[in-house]
1. Could you work out how much longer the chain between residue 281 and residue 134 gets when fully extended? Use 0.36 nm per residue separation minus the Cα distance between them, nm to one decimal.
2. Given charges of +1 on the Cβ of Lys and Arg and -1 on the Cβ of Asp and Glu, with all other atoms neutral, how large is the dipole of the chain about its Cα centre, in debye to the nearest 20?
3. Could you name the aspartates and glutamates whose alpha carbon sits less than 20 Å from that of residue 295, not counting residues in the same chain fewer than 8 places away?
4. Work out, step by step, the length gained on full extension between residue 218 and residue 323: first 0.36 nm times the residue separation, then minus their alpha carbon distance; give nm to one decimal.
5. Given contacts defined as C-alpha pairs under 8 Å and at least six residues apart, what's the relative contact order of the stretch 131-295, whole-number percent?
6. Return the tail of the calculated pair distribution for the stretch 229-328, meaning the percent of Cα-Cα pairs more than 17 Å apart.
7. Compare the peptides 61-70, 209-218, 319-328 by average per-residue count of other Cβ atoms within 10 angstrom and give them in order, highest first.
8. State log₁₀ I(q)/I(0) for the chain at q = 0.07 Å⁻¹ as given by the Debye formula over alpha-carbon point scatterers of equal weight, solvent excluded.
Amino acid sequence: MKNKASVLGFFLTLALASNCLAQLQGEWLLTVNHGAERLGVLSFEDMGGELQAFVDGGPVDFVLEGNTLEMDVDYRDGGGRLLSRHFTGTINGGSLSGTLVAPHDDSTGSWRAERLLPSAALAPAPVDLSGIWSRISAGMEKVQLDYTGPAQAVVDDYTYLDDPALRCISPGLVRISGWPYPLEILQNEGQVTILYESYREVRRIFLDGRNSPEYFPISAMGYSTGHWEGSTLVVETSLLKPGYVDQAGQPISENARVIERLTLSEDGQNLRSLLTLHDPENYLRPVVRFRQWRKTPATTILEYDCDSYPFYRGLELEGKLDEYWERMRQRQ
């Protein structure tokens with residue numbers, strides 16, 4: 001009887017584990033409260049019979065025991081430090097929830113995840129996005145992504161000498177969208193125009209049904225077209241100048257596409273963007289970035305002041321100018 005009970009317990013445990021695995025597969029909207037609210041996409045994929053976890057397109061260490069899960073998710077703080085959060089939680093039917101701790105300072109927080117369902121086909125119902133918006137969250141800021149071999153080589157070789165932002169050159173759409181400076185949106189029936197304080201960038205999103213031109217100069221902000229799915233503005237951007245996702249040197253190729261879903265809160269005061277970077281040359285799965293802004297009509301868009309002299313002067317004093325010029329030749 002004891003042996004039979006042991007065998008029955010084993011198969012019961014196996015069945016429970018299989019059920020948990022089946023429940024987890026797919027995409028989840030991850031909400032983290034750690035100092036501020038941050039959003040991300042948590043996904044679980046069956047890879048050769050083994051479940052693998054990803055956050056915002058980047059792999060994470062993941063352990064599942066019964067209906068309890070643990071995972072470590074890396075991120076970069078405002079000072080540029082590479083840190084991590086340790087998540088512990090449980091599976092509760094159609095949701096996940098738990099607590100987290102950041103080992104570097106023992107700060108704690110909470111998290112939850114709800115199943116992400118496919119977007120329904122909705123008739124256009126435009127809303128007014130115009131106004132001045134100030135960032136309240138740049139999302140999870142996952143650093144380690146699912147690189148292809150060539151992209152991993154770029155990341156391994158990257159140094160601060162390659163960072164265009166230090167030379168007062170626009171770092172591009174993906175990175176600027178997460179910067180802390182405000183932006184202003186102007187809107188009419190055929191176009192949404194976004195004026196960024198960062199690097200004085202201007203972005204035009206055409207809503208008149210046109211396609212992205214076949215031949216057009218690449219640029220930091222690319223060429224954007226959009227349409228409404230219900231009250232969500234869906235924007236596709238291509239013709240992007242090669243750049244980086246973050247200051248960690250994750251590359252973006254000129255064949256990349258960015259899909260954004262811009263959604264206004266019911267009270268019209270919060271604006272949320274789910275940005276997805278599709279770049280198969282560099283990433284085995286799309287890279288995701290959530291951004292959130294609050295309407296701040298009293299804010300003034302200031303002149304962006306950037307002087308590249310300290311960067312070059314610093315290289316001269318450190319004896320790194322020759323290394324910089326050599327790396328510039330490599331980039332070309």
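1. Gain in length upon complete extension: 49.6 nm.
2. My answer is approximately 520 debye.
3. The qualifying aspartates and glutamates are 37, 128, 184, 197, 201, 260, 266, 267, 303.
4. 35.1 nm
5. Worked out over the stretch 131-295, it gives 26 percent.
6. 70 percent
7. For the peptides 61-70, 209-218, 319-328, the packing ranking is 61-70, 319-328, 209-218.
8. -0.34
Laboratory data are not the source of any read-out in this text; all were calculated from the coordinates shown. On a predicted model such as this, the values are computed, not experimentally measured, just so you know. Note: ideal-geometry Cβ built from the backbone for every residue, glycine included; neighbour counts use all protein chains shown.
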